[in-house]
Amino acid sequence: FTEALRPEFSTYAHKIVENARALGEAFVRQGLKVLTGGTDNHLLVVDVASTHGITGRQAEDAVRKCGVTLNRNPIPFDVNGPWYTSGLRFGAAAVTTLGMGATEMNEIAAVVALVLKHIKPATTRSGALDKTKYTLDEAIRSQAHARASSLLKSYPLYPEIDLPFLANYFGLSETAEKRIS
């Protein structure tokens, strides 16, 4: 509560909402369907079933593998139910904490849209659509992952930590050092 009473917390909270709105607007510009048309708070939900013919579970997995953290989320009257879902939920608090703003929200939306536009649902042996499996061209996955990684390198989680020093101190291999940086 002490933190919430500070004036800078109010500024931070307003920035989170601004970023969530900017992200929603960027999704709409990318052709994605944002439920309620936008947001007045820190999160928003995108309908992937009606626009891309995939489940939230497929979309969540594909986008996460490209370096963007999110959750699948049911939408009202969800045809895919609460497990597979038809939506994706995005929050703006973590990226705001890192210092990102509207420009970065545009890039996040572009990366997500790139992935969603290229996911193809897999089919079962009987020819029915599989609600969990999908295909995504490796070149698209690689491009999206590189863009997400580039963005995160500009906004490190703990910039004061000397990762090469820690890797050397704890005797981590070069591969492990690359993974943590």
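Roll a 1.4 Å probe over the protein chains and send me the accessible area per residue for the stretch 1-156 in Å².
Heavy-atom SASA per residue in the stretch 1-156 reads 55 Å².
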Ordering of 162-171, 43-52 by packing [mean C-beta count within 10 Å, highest first]
43-52, 162-171
Interchain or long-range residues, amide H under 5 Å from residue 133's placed H
122
Okay, helix-only estimate at 222 nm for the chain: each DSSP H run of n ≥ 4 adds -39500 (n - 2.57), divide by all residues, round to 500 deg cm²/dmol; what do you get?
-16000 deg cm²/dmol
Enumerate the residues in the stretch 58-85 having an amide nitrogen under 19 Å from the point lying 7 Å beyond the Cα of residue 126 toward its Cβ.
80-81, 84
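Please report the carbon-and-sulfur percent of the accessible area for the stretch 4-48; probe 1.4 Å, protein heavy atoms only, DNA, RNA and ligands left out.
56
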Express in whole angstrom the spacing between the alpha-carbon centres of the stretch 98-138 and the stretch 1-22.
30
For residue 107 and residue 50, extending 7 Å from Cα along the Cα-Cβ vector and measuring point to point gives, in nm, a value of 3.2
What is the projected area of the convex hull of the Cα atoms of the chain, averaged over all directions, in nm²?
13.4
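Relative contact order for the chain: what is it in percent, counting Cα pairs under 8 Å that are at least 6 residues apart?
20
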Please sort 74-83, 1-10, 32-41 by packing, taking for each peptide the average over its residues of neighbouring beta carbons within 10 angstrom, highest first.
32-41, 74-83, 1-10
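Grab the Cα-Cα distance for residue 83 and residue 18, subtract it from 0.36 nm times how many residues apart they are, and report the gain in nm with one decimal.
Working it through step by step, the gained length comes to 20.4 nm.
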Relative contact order as a percentage, the stretch 1-108, C-alpha pairs under 8 Å and 6+ apart, gives 28
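Using a Förster distance of 25 angstrom, determine the FRET efficiency expected from the C-beta separation of residue 166 and residue 2, and round it to 0.05.
My answer for the efficiency is 0.20.
The values are calculated or read from the model by the stated rules, or taken from the named source; none is laboratory data. Here the structure is a predicted model, which means the values were calculated and not measured. Positions of Cβ are backbone-derived with ideal geometry, glycine not excepted, and every protein chain shown enters the neighbour counts. Heads up: the accessible areas ignore ligands, DNA and RNA and are worked out on the full protein's heavy atoms, side chains in. Shrake-Rupley method; radii C 1.70, N 1.55, O 1.52, S 1.80 Å.
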